[in-house]
Structures are given as structure tokens and as C-alpha cells.
Amino acid sequence: MCLMDSIYILGIESSCDDTSAAVIKDGVLLSNVTASQAVHEAYGGVVPELASRAHQQNIVPVVDQALKKAGVEREQLSAIAFTRGPGLMGSLHVGVSFAKGLAASLGIPMIDVNHLQGHVLAHFIKDNPDEVHQPTFPFLCLLVSGGNSQIVLVRSYKDMQVVGQTIDDAAGECIDKCSKVMGMGYPGGPIIDRLARQGNPKAYQFSRPSIKGYDYSFSGLKTSFLYSLRDWLKGDPDFIEHHKEDLAASLEYTVIDILMKKLRQASKDLKIKQVAVAGGVSANTGLRNAFQDHAKRYGWTIFIPKFSYTTDNAAMIAITGYFKYLEKDFCPMELPAFSRVTV
């Protein structure tokens, strides 16, 4: 490849229950295709074996669609970026194995991507070459999802430090479990978000953690919610149905207040006012509103991802792969997937 050739990166994401493929050309997104798995709704959570089987069915057509939508032939690809972890091992193996096979057949490099770093770098995805609203280094990123709640200090594309994280449950996990206790279904995040818009966030108070530093804890809140609900149901068996909007609003308010309090402290101590949010919970309306409020009150420059980049997607894997490609940061064919790690 000569220096003037464009760089085409195929990104593959298969860490949980979404099979996704994306193509990026010189940092600009050409396509982003995702196949979701509705089969898990009946079980109230992701079933690993079912997830890996669905990935096997989806990955070939998803990659094919991504290439066709991008108008790119396989032979034009410069490298293949794939989610190496963290995630479900069975799901990851499908994506990793496919990436290895395709890269070997084309004779192009492989680039392994940390799924969590991908969420952070989703803020650098460009839908067109002239897009300029991106963070400058250093910035803070609140990474919140069903499995992670972290405050990440981002010094560069490849230099990230977790300065605070949950010591037990993640914020999204807490919301999902409380939704399940209320009988509202799975996934709980969108359900609680919708109900909360109609409720009073100050209607009920729940236990808040007392954790030093920038770390989080949500297990106490989850337990407080469960015990409070149990007591209220003794007096009124239909309590949830009568008060579901207020319950959802109060739960959401408490989670967001806990998240933002630590983030405010980190911003103040580290003297950083460029603040981003990423991960599945960043789609929550209340959290987005809290970021807008903090921008006005504290002079933050905020970065909120498009809804299509909040959930697991291959565009964030492809853009991370693009930056690593510029550094010639490739990985060997034998590199295995991993299930757990921080950024």
C-alpha cells in the first residue's frame, strides 16, 4: 500500500448479544450494521449459549451487508479490527474466529480492540469528513453500562486510566435488576427511562453508598429498593402498578445523582472540564439531561454520543482499530479472547 492510499478498516463486535460489523474509511464511517437477539427477553437476561449460536448465524450476513452498504470490496480492506474482550467468551470466540479467518484469507493485519476503550473512542466516529465536535485530550469519560460503571481519564487514544469504578454492581445492572423486581421486563433500562419521564423523581428516597474516592457502589441501592418495595407491597399488593412511574423516576434520579456526584469531584480535583459519557446507560434521558445541566452550572464542555453509538456496535471497534492502524499496532493470529478486564 502506498502512503496516499485510503485506509479501510472493517470492525467486528460480538462481545454480548449484538452481532455488528462496520466499515470506516480514513476515520469516516461508511456503514454500521447490527443484528440484535430478541430471544433473550423471555429469560430476563442474556443466555450465553443462545447468544453464541445467534452470532454464528448472524456474522456472515452482517459483515456482507456492512461491506455492501459501504460500497467496499473485501480486497480493499487494510485491516480487520475485532472485539477481543471483555465479554461473553462464547460470543467473543465467534467474532475472533471469523476475524482471524477473513484476515488470513486476505493477507491483511488484525487489530484487537478492548470493548470498553471502544465505547470511549466512539466519540471520535465521524459521519462525514468535516465533523469537528470531538473531545481534545485530556478528558474525562463516564463509562456506564449493564456491566461497567467507571470514570476514565483519557490522555490519548491509547492512554486511558480508570480513576474510579464500581466495587460491586454496575449502574445499568442495578436498573435492570430493579426493573425485574418490579415485573417490568428485560432489558430494564429503556422501560425505566420511559416510566421515569412521567413520574416524580423526589417521591421516594433510597439508600446511598458512602464510598471514598471516585469509586461507585450500587448493591446497597438495589437492596434498599427491594426491601422498600417489599414493605410497601405488604400494605398495598398493587403498590407497584399504582406508583410505577414515581418508583422509576426516583430510582433513576438516585442512580444519576450517585454517578454525577463522583464525576463532579473528579472533574474538580483533576481540573478537567471536558467530560464525556459513553456506554449503554448513556442513552438514558435523565443522564443526558444531567450532563446538559452540568455543562451550564459548571462550565463543562460535554460530549454525548448518538443513540446508535451507545449500545454495542462495530463502529466504535472500527474507529479504535483505525487509530491503532495508524500506529501499526497489530496483533498476532494466535491472540485469544478474554472475558474480564478494565480499560
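Check residue 145: other-chain or 5+ apart residues with amide H under 5 Å from its amide H, H built from backbone geometry?
The list, which skips near neighbours in sequence, is 171, 172, 281.
Using only DSSP helix segments of four residues or longer, with each worth -39500 (n - 2.57), what per-residue ellipticity at 222 nm results for the chain after dividing by its residue count and rounding to 500?
-14000 deg cm²/dmol
Nearest 5 is fine: what % of DSSP beta bridges in the chain come out antiparallel, could you say?
Rounded to the nearest five, the antiparallel share is 60 percent.
Round to the nearest 10 and report in Å² the accessible area of residue 131, as given by a 1.4 Å probe over the protein chains' heavy atoms.
Roughly 50 Å² of residue 131 is accessible to a 1.4 Å probe.
I'd like the orientation of helix 314-326 relative to the chain: the angle between its Cα long axis and the longest Cα principal axis, in ° from 0 to 90, rounded to 10.
50 degrees
Mind checking the full-extension length gain between residue 49 and residue 127? Use 0.36 nm per residue of separation minus the Cα-Cα distance, one decimal, nm.
Taking residue 49 through residue 127 to full extension adds about 24.6 nm, to one decimal.
Using a Gaussian network model of the chain whose springs link C-alpha atoms within less than 10 Å, name the residue from 107, 172, 87 with the highest mean-square fluctuation.
Taking springs between Cα atoms under 10 Å, the residue moving most is 107.
Lysines within cross-link reach of residue 68: Cα-Cα under 25 Å, excluding same-chain residues under 8 positions apart?
25, 100, 126, 306, 324
Could you tell me the relative contact order of region 1-160? Use alpha-carbon pairs under 8 Å, at least six residues apart, and round to a whole percent.
22 percent
If each residue of separation counts as 0.36 nm, what is the full-extension length gain between residue 328 and residue 293 once their alpha-carbon separation is subtracted?
Here the segment from residue 328 to residue 293 would lengthen by 8.6 nm.
Which FRET efficiency value, to the nearest 0.05, do you get for residue 269 and residue 180 by plugging their Cβ-Cβ distance into 1/(1 + (r/R0)^6) with R0 = 25 Å?
Once rounded, the FRET efficiency stands at 0.10.
How large is the accessible surface of residue 184 in square angstrom, using a 1.4 angstrom probe and rounding to the nearest 10?
Taking all protein chains as shown, residue 184 has close to 50 Å².
Can you give the FRET efficiency for residue 203 and residue 340, using 1/(1 + (r/R0)^6), R0 = 25 Å, r = Cβ-Cβ distance, to the nearest 0.05?
Computed FRET efficiency for residue 203 and residue 340: 0.10.
Could you calculate the contour length gain from residue 234 to residue 105, that is, 0.36 nm times the residue separation minus the distance between their Cα atoms, to one decimal place in nm?
Between residue 234 and residue 105, full extension yields 40.1 nm more.
Can you give the accessible area of residue 115 in Å² (nearest 10), computed on protein heavy atoms with a 1.4 Å probe?
Here the accessible area works out near 10 Å².
Through the Karplus equation 6.51 cos²θ - 1.76 cosθ + 1.60, θ set to phi - 60°, convert the phi angles of region 285-299 into ³J(HN,Hα) values in whole Hz; use x for Gly and Pro.
4, x, 5, 4, 5, 5, 5, 4, 5, 5, 4, 6, 7, 10, x
Which of 190, 128, 76 sits closest to the plus end of the dipole of region 76-234, meaning its Cα is farthest towards the positive end, when Lys and Arg get +1 and Asp and Glu get -1 on the C-beta?
The residue sitting farthest along the positive end of the dipole is 190.
On C-alpha positions alone, give me the angle between the axis of helix 48-70 and the longest principal axis of the chain, in degrees, nearest 10.
50 degrees
Based on the Cβ-Cβ distance from residue 74 to residue 162, what FRET efficiency comes out when R0 is 51 Å, to the nearest 0.05?
Rounded to the nearest 0.05, the efficiency is 0.90.
Could you order 195, 335 by accessible surface area, starting with the largest, using a probe radius of 1.4 Å?
335, 195
So how far apart, in nm, are the two label points at residue 285 and residue 212 if each is 7 Å from Cα heading toward Cβ?
With each label placed 7 Å out from Cα toward Cβ, I get 4.0 nm.
For the full complex of protein chains and a 1.4 angstrom probe, list 232, 300 by accessible area with the highest value first.
Order by accessible area, largest first: 232, 300.
Compute the semi-axes of the equivalent ellipsoid of the chain, taking the square root of 5 times each eigenvalue of the Cα gyration tensor, and list them largest first in whole Å.
36, 23, 16
The values are calculated or read from the model by the stated rules, or taken from the named source; none is laboratory data. Not measured: the values here are computed from a predicted model. Note that we place each Cβ from the backbone using ideal geometry, even for glycine, and neighbour counts take in every protein chain shown. We work out accessible area using only protein heavy atoms, side chains counted, and drop any ligands, DNA or RNA first. Shrake-Rupley method; radii C 1.70, N 1.55, O 1.52, S 1.80 Å.
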